[in-house]
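Only one structure is covered here, and it is reproduced in the block below.
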Amino acid sequence: MDLRFTPCPSSVPFVQAVVANRAGEIYELDEYAALGMAAGNLAPLATVETVPMSHGSELMRLPQRRPVVYNLRKHRVETLSEDPYSPGEPIYPVAVFNSPGYMVTRISAYEEQPDADYLPLFSYGAVGWSGEGFQSAAIQVDTEPRQDLRRMPREKILVGVRQMRRKMPKNRLRRHLENCALVYGCPAAKNFFLGRYEAPLPTSQSCNARCRGCISLQENTGIQSSQDRIKFTPTPEEIAEVALAHIAKIDRPVVSFGQGCEGEPLLAADVIEPAIRLIRKKTSAGTINMNTNASRPDILNRLFEAGLDSIRVSLNSVRPDGYSAYFRPRSYRFTDVIRSIDLAVLRNRFVAINYLNSPGFTDTPEELDALMTFIRQHAIHMIQWRNLNFDPLRYWQVINRIVPSGQPLGMERMFKTIAKRFPNLMHGYFNPPREKWP
Ligand code: SF4
């Protein structure tokens with residue numbers, strides 16, 4: 001990918017570039033500034049454009065790639081293959097996987113080496129060193145500590161696991177969530193056993209989309225899926241038992257279908273619809289939500305009838321070609337997704353979009369215009385600004401070829417433009433309980 005550099009006045013303080021060595025040790029390069037990337041656009045990371053790296057964020061060394069940095073002494077962009085202070089010592093780019101609630105504004109700057117493999121399914125935010133700590137190119141879009149690891153001590157999770165084992169010994173869904181919490185470290189499953197916020201209700205083994213970044217199923221792509229897809233279909237009784245246990249324990253509870261460890265929940269409506277009816281027969285409390293690709297408005301209508309309260313619709317773009325380039329729908333069209341959103345609004349359900357953002361595509365003038373038109377035409381209630389967990393260079397190569405776009409405006413500017421233009425629209429990262437709806 002051709003790289004274009006946008007210089008900054010030298011008076012602006014930058015964060016220092018950080019790299020990793022063979023052993024994975026991460027350190028700063030004194031006379032080099034960190035660069036941020038948005039498609040082929042590079043710019044130094046000014047300290048004011050970054051935030052202290054948040055707790056729970058993870059630093060990653062990027063294999064088969066070289067760091068692209070700014071040489072402050074020679075005033076030029078350089079791609080480094082070795083440590084400038086230790087000739088012969090290979091170095092690698094470093095990126096940050098920000099903790100939940102932080103939206104990436106720039107991607108770590110690097111170049112691929114020939115025959116490089118795909119990067120695993122994470123987001124690769126730009127990061128630098130301020131002299132006191134790591135600084136991340138991100139903005140906080142949600143302050144709720146729902147997935148703050150400091151509030152999820154393992155011993156407390158284990159107490160919850162034992163309680164739920166006694167309460168529902170035969171429930172396979174409870175057993176599945178135990179594995180998610182203790183083995184995969186899934187924060188949603190941990191919250192179920194901790195009795196906090198939102199509980200997950202994975203149900204579906206199949207999907208009618210083929211997202212390039214699907215975390216539960218990757219077929220012959222050379223990419224490792226992050227977790228295995230659920231291998232059974234829970235019964236309506238098993239689903240309702242887990243949901244009711246959570247609702248009974250929590251103030252303002254949320255229970256959600258559509259998790260990372262499953263396919264598309266709409267395709268499991270035959271168990272979800274009776275499960276929702278069982279829940280609503282026992283209680284009117286709590287928010288029953290579905291994270292979905294919204295591909296089937298007909299099925300959604302049945303679930304609203306049964307008592308589904310809210311939906312979160314995943315979109316990487318509001319432009320049909322941009323959407324299809326990533327979701328690769330099998331048996332539905334973008335227009336079906338739109339019909340589902342309009343139906344939900346018509347039926348007074350809460351509608352959030354799970355906006356999978358990638359600087360360099362999301363923040364282009366064309367996507368911004370399309371998003372503003374979309375919000376005007378479809379009265380959604382919230383945007384959840386989520387970082388796209390997919391190899392950024394490979395994503396730009398595909399999406400910018402299929403939907404050519406102009407120069408990125410910057411994610412922060414995009415966010416502020418939307419917030420100003422639509423003052424009643426909620427912004428965040430997590431599914432809000434109905435008590436927080438506008
Ligand atoms: S909609 Fe979800 S389950 Fe289906 S392919 Fe996309 S990420 Fe995977």
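The values are calculated or read from the model by the stated rules, or taken from the named source; none is laboratory data. Being a predicted model, the structure only gives us computed values, none of them experimental. Because the Cβ atoms are built from the backbone with ideal geometry, glycine has one as well, and the counts that use them run over all protein chains shown. Note: accessible area is taken over every heavy atom of the protein model, side chains too, but ligands, DNA and RNA are not part of it. Shrake-Rupley method; radii C 1.70, N 1.55, O 1.52, S 1.80 Å.
Under a Cβ-Cβ cut-off of 10 Å, what is the net charge of the residues other than Glu435 that fall near it, where Lys and Arg count +1 and Asp and Glu count -1?
That sum, taken over residues with Cβ under 10 Å, equals +2.
Please check: in the Gaussian network model of the chain (C-alpha springs, under 10 Å), which one of Gly56, Gly222, Gly258 has the largest mean-square fluctuation. Answer for the Gaussian network model of the chain: Gly222. Accessible surface for the chain, divided over its residues, is 42 Å² per residue with a 1.4 Å probe. Computed from the Cβ-Cβ distance with R0 of 45 Å, the FRET efficiency linking Lys231 to Gln377 stands at 0.65. Of the Cα atoms belonging to the chain, the radius of gyration and Dmax stand at 22.2, 71 Å. The candidates Phe390, Phe415, arranged from most to least accessible area with a 1.4 Å probe in the full protein assembly, appear as Phe415, Phe390. Let me make sure I get this right: for the stretch 86-177, a, b and c are the square roots of the gyration tensor eigenvalues over alpha carbons, sorted descending. Under 1.5 in a/c it's rounded, otherwise prolate if a/b > b/c, else oblate. Which is it? Taking the square roots of the gyration eigenvalues as a ≥ b ≥ c, the stretch 86-177 is prolate. The local environment of Glu305, defined by Cβ-Cβ distances under 12 Å, has a net charge of +3 under the rule Lys, Arg +1 and Asp, Glu -1. When a 1.4 Å probe is rolled over the protein heavy atoms, the share of accessible surface on the chain that falls to carbon and sulfur comes to 48 percent. The accessible area of Cys186, taken with all protein chains in place and a 1.4 Å probe, comes to roughly 40 Å².
State the Cα centre-to-centre distance between the stretch 241-258 and the stretch 191-222 in whole Å. Measuring centre to centre over Cα atoms gives 18 Å. Of Met60, Met411, the order by accessible heavy-atom surface (1.4 Å probe, DNA, RNA and ligands excluded), from most exposed downward, is Met60, Met411.
If packing is taken as the mean number of other Cβ atoms within 10 Å per residue, what is the order of 427-437, 284-294, highest first?
Numbers: 427-437: 17.9, 284-294: 22.5.
Top to bottom by mean Cβ count within 10 Å: 284-294, 427-437.
In terms of the Cα gyration tensor, with a ≥ b ≥ c the square roots of its eigenvalues, is the stretch 4-140 rounded because a/c is under 1.5, prolate because a/b exceeds b/c, or oblate? Because its axes are fairly even, with a/c under 1.5, the stretch 4-140 counts as rounded.
Find the relative contact order for the chain and round it to a whole percent, using C-alpha pairs within less than 8 Å whose residues are 6+ positions apart.
On the way: 938 pairs, mean separation 62.1, N = 438.
Relative contact order, the chain: 14 percent.
Starting from the Cα gyration tensor of the stretch 118-235, take the square roots of the eigenvalues, sort them a ≥ b ≥ c, and report rounded, prolate or oblate (rounded when a/c is under 1.5, otherwise prolate if a/b is larger than b/c, else oblate). Note, shape of the stretch 118-235 comes out oblate.
A simple count of charges around Gly131, restricted to other residues whose Cβ falls under 14 Å of its Cβ and scoring Lys, Arg +1 and Asp, Glu -1, yields -4. Spatially, the stretch 306-356 and the stretch 80-144 are offset by 31 Å when compared through their Cα centroids.
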